[in-house]
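The values are calculated or read from the model by the stated rules, or taken from the named source; none is laboratory data. Keep in mind that this is a model prediction, so the values were computed, not measured. Note that each Cβ is placed from the backbone with ideal geometry, even for glycine, and that neighbours are counted across all protein chains shown.
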């Protein structure tokens with residue numbers, strides 16, 4: 001889930017005001033507020049809109065939600081951070097923010113593709129393969145990775161991977177790394193492995209050594225890495241309703257829809273809108289899916305299908321969603337922009353003109 005960045009001079013009073021505003025918005029049934037709560041309050045992550053509106057949502061609940069929006073697991077940790085006066089400098093390279101020098105050196109060896117050096121280093125520090133490094137903000141997708149996760153170059157640190165990265169992975173697995181620790185999802189959702197021509201070889205190797213392909217399909221589809229999706233299917237991932245919708249396989253969508261649960265149907269709509277699968281989206285809307293729902297967790301949940309159709313430049317999808325009643329006034333939960341605001345910001349002139357015409 002996306003984490004909000006802190007301002008350069010954050011104050012506790014500012015966050016207190018945000019918590020009170022969130023509590024008021026929840027009581028008023030504001031859909032943007034409800035989506036923020038669904039994303040970040042641990043008790044309400046799977047709650048429906050009605051359940052959130054009816055929930056007893058105290059000021060403490062609001063404070064927990066606000067803290068987690070900014071990458072802190074609790075309000076007390078947010079307050080402790082503010083009291084510490086510790087600055088956040090995200091311009092410092094990720095590798096240089098690793099405080100453990102032994103771990104940091106291992107990452108340097110991975111980046112260099114130094115097989116001999118890595119073997120020697122791991123032999124000298126046998127517990128290293130199980131260590132984790134913690135980055136701020138917590139709660140992001142890369143906040144406490146193991147050493148294996150650094151082979152994916154996701155998030156981007158160098159913009160490249162060594163040509164022998166599969167051999168590097170083999171060394172890490174021989175040392176005891178868990179192939180099923182989430183690294184596969186980083187490989188499938190990152191552009192650098194694809195651009196370096198190693199995404200599919202890494203997928204094949206990780207799956208052959210215990211990584212489960214099904215869990216990596218979502219990250220791949222969400223980031224439009226369809227070559228990775230095909231490799232995952234070849235390695236045993238099944239095609240469920242959301243995946244069929246993302247691939248634009250209308251016949252499979254129709255076949256799978258009757259037995260799919262509400263969450264799968266919701267995700268199918270989100271992915272079909274994002275990737276411009278008009279016929280799949282039309283079918284889902286015909287079956288009663290709501291075009292104004294915020295996307296499900298893990299699928300650009302800070303936004304609606306209309307936002308995603310805008311940013312991925314699918315004007316016909318935009319028209320279909322609007323024709324079917326998609327709300328134009330809903331704002332995303334990070335930048336607080338409407339679909340029109342997104343179109344203007346991204347320079348989608350044709351879509352922006354159309355959305356302006358619909359607001360009159």
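Screening 253, 187 for residues that are under 30 Å from residue 131 (Cα atoms) and either touching a residue at least 24 places away in the same chain (Cβ under 8 Å) or in the same structural domain as residue 30 (by TED's automatic domain parsing) (or both) leaves exactly one candidate, 187.
Among the residues in the stretch 36-47, are any loosely packed, with under 15 Cβ neighbours inside 10 Å and under 18 Å from residue 303 (Cα atoms)? Within the stretch 36-47, one or more residues are loosely packed, with under 15 Cβ neighbours inside 10 Å and under 18 Å from residue 303 (Cα atoms). Tell me yes or no: at least one residue of the stretch 225-246 is assigned to a loop (DSSP other than H, G, I, E, B), within 24 Å of residue 119 (Cα to Cα) and in contact (Cβ under 8 Å) with a residue 12 or more places away in the chain. Within the stretch 225-246 (the criterion being assigned to a loop (DSSP other than H, G, I, E, B), within 24 Å of residue 119 (Cα to Cα) and in contact (Cβ under 8 Å) with a residue 12 or more places away in the chain), the answer is no, since none of the residues qualifies.
Report whether or not residue 153 is under 30 Å from residue 283 (Cα atoms) and surrounded by 15 or more Cβ atoms within 10 Å (Cβ to Cβ). For residue 153, the condition - under 30 Å from residue 283 (Cα atoms) and surrounded by 15 or more Cβ atoms within 10 Å (Cβ to Cβ) - is not met.
When residue 18 is tested against the conditions (1) touching a residue at least 24 places away in the same chain (Cβ under 8 Å); (2) within 18 Å of residue 294 (Cα to Cα), the lone failure is (2).
Can you tell me which residues in the stretch 164-178 are assigned to a loop (DSSP other than H, G, I, E, B), crowded, with 19+ Cβ neighbours inside 10 Å and either within 26 Å of the chain's Cα centre (by Cα) or in contact (Cβ under 8 Å) with a residue 60 or more places away in the chain (or both)? Passing the criteria: only 177.
Those helices (runs of 4 or more DSSP H) of the stretch 288-360 in which at least 1 residues are within 24 Å of the chain's Cα centre (by Cα), considering only elements entirely within it, cover 305-311, 315-323, 339-346. For the stretch 120-141, taking the residues that are in contact with a helix residue (DSSP H, G or I) (Cβ under 7 Å, 6 or more places away or on another chain) and in a loop (DSSP other than H, G, I, E, B), the one that is nearest to residue 73 (Cα to Cα) is identified as 139. On inspection, residue 241 fails the criterion of being over 25 Å from residue 178 (Cβ atoms) and surrounded by fewer than 22 Cβ atoms within 10 Å (Cβ to Cβ).
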